Amino acid sequence: MEATRRGRADADRGDSNDGNPERQQRPVVAELVQGSLLVPLYMSFRDAPGGGDRQSTTTATTLTPQRPAGMTRVCCISDTHLVHDQICIPEGIDVLVHSGDVMTESLLRHVNQDTGLAVDLGVTLFEQFAQWFCAQPGTCKVLIAGNHDGVLEAMGTAAIRQVFARIPGGDRVVYLDHQTATIGKLKVFGSPYENWSSHNNAFDNRRYDKHFTGVVEQGTHIFVTHYPPILPPDRSSRDVKEDRRLVRVVLASGAQLSVSGHCHWARGVRFSPSNRAVPFVVASNCGSTWTRHSDQIGKRLDKAWDKKRGGYNVDYVPIVVDLQV
């Protein structure tokens, strides 16, 4: 099911479609997968001692509905395109998963075309993202790259992990490049590889299906790719569009959750007709409209290039899934 489109302004003021005046005062910070639906997660304020205005008398927040006992709460984000400061990650989550496209057009903007090396500004922009990512809620965090992340491809896995190692909280970040990691009770597979139909073609691999064969371990809980294994139906069919080879790999691994991004317009949750128990989440936070400078909103780390070439705006809140592990 595709989610209701929510801009950052809506996330700040709450769900304007809800007739409950008390609920309108509570920001919608995420959407929770419940069956085939996405329902709002509201932020609840707790009064602090003292008087004064609202901002000075509210402290740490909780989410409504709260996480059921014994469940692992996973927050899914993707396609943040260096406007991540506009995204509110909810408190009370266990795992934060980013399924790629940290950067925007970084092969063009921030990779030397002659040497293939990342330029200093590109590395700095990634480091700024890494600092933000490490500071977010969650006892552990998972990151893969996407087709816009040419800087990450040029840096290489070892250098990326060294960036996180230098940042407080970076020891809780796992960067996966077609690999599996065990994080507590969770086994997570993550890969950036896919078939791209774009000039932004970092991690391009036209024979990607062969590289999944025999790589994904049994007992995987979360399967993270940049390209979605399942997309919405097109006009010619009521059925979802499956990458059947990749869907088979996901289901054969025993995964309880697939997280992806890339197709901003497909943001939402869907299920394979062959298995209605596994949610396939497309977690894109940016909308699909490529905006020129006059239409760009919010804090933008790559402001000069966005002004010159264009960029994306944040249109969607994170998607949250509760797993029984």
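The values are calculated or read from the model by the stated rules, or taken from the named source; none is laboratory data. What you are looking at is a predicted structure, and each value in this text was computed from that prediction instead of being measured. Positions of Cβ are generated from backbone atoms using ideal geometry, with glycine treated the same way; all protein chains shown enter the neighbour counts. Quick note on the areas: whole protein, heavy atoms, side chains included, nothing else; ligands and nucleic acids left out. Shrake-Rupley method; radii C 1.70, N 1.55, O 1.52, S 1.80 Å.
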Name the shape class, rounded, prolate or oblate, that the alpha-carbon gyration tensor gives for region 145-203, where a ≥ b ≥ c are the square roots of its eigenvalues, rounded holds for a/c under 1.5, and otherwise prolate holds if a/b is larger than b/c and oblate otherwise.
oblate
Cleavage-rule hits, trypsin sites (Lys or Arg not before Pro), region 181-278, DSSP coil, Cβ neighbours within 10 Å at most 13:
Lys185, Arg206, Arg207, Arg235, Arg238
Net charge contributed by nearby residues that have their C-beta within less than 14 Å of Asp171 (K/R +1, D/E -1):
+4
What list of ³J(HN,Hα) values in whole Hz, one per residue of region 65-77 in order, does the Karplus curve 6.51 cos²θ - 1.76 cosθ + 1.60 (θ = phi - 60°) give from phi, with Gly and Pro shown as x?
x, 7, 5, x, 4, x, 9, 9, 8, 10, 9, 10, 9
Set Lys241/Lys299; Lys141/Lys241; Lys141/Lys303 screened for pairs whose C-alpha atoms are more than 32 Å apart
Lys241/Lys299
Gap separating the Cα centres of region 74-93 and region 217-261, nearest whole Å:
22 Å
In whole Hz and in residue order, list the ³J(HN,Hα) couplings for region 79-88 that follow from phi through the Karplus curve 6.51 cos²θ - 1.76 cosθ + 1.60, θ = phi - 60°; x for Gly and Pro.
6, 8, 6, 6, 10, 5, 5, 8, 9, 9
Please label the shape of region 273-325 as rounded, prolate or oblate, based on the square roots a ≥ b ≥ c of the eigenvalues of the alpha-carbon gyration tensor (a/c under 1.5 means rounded; beyond that, a/b larger than b/c means prolate, else oblate).
prolate
What residues qualify as long-range amide H neighbours of Gly100, i.e. H under 5 Å apart, gap of 5 or more or another chain, H built at 1.01 Å from N?
Asp79, Ile144
In sequence order, what are the phi-derived ³J(HN,Hα) couplings for region 280-294 according to the Karplus relation 6.51 cos²θ - 1.76 cosθ + 1.60 with θ = phi - 60°, rounded to whole Hz, with x for glycine and proline?
9, 9, 9, 9, 3, 8, 7, x, 8, 7, 7, 9, 7, 3, 5
With every protein chain left in place and a probe of 1.4 Å, what is the accessible surface of Lys307, to the nearest 10 Å²?
130 Å²
Given the Cα atoms of region 97-180, and with Rh set as the inverse mean 1/r over their pairs in the Kirkwood sense, what is Rg to Rh to two decimals?
0.95
Could you give the length gained by full extension between Gln131 and Arg166, i.e. 0.36 nm per residue of separation minus their alpha carbon distance, to one decimal place?
11.6 nm
Would you check the accessible area of Ile87, probe 1.4 Å, heavy atoms only, in square angstrom rounded to 10?
10 Å²
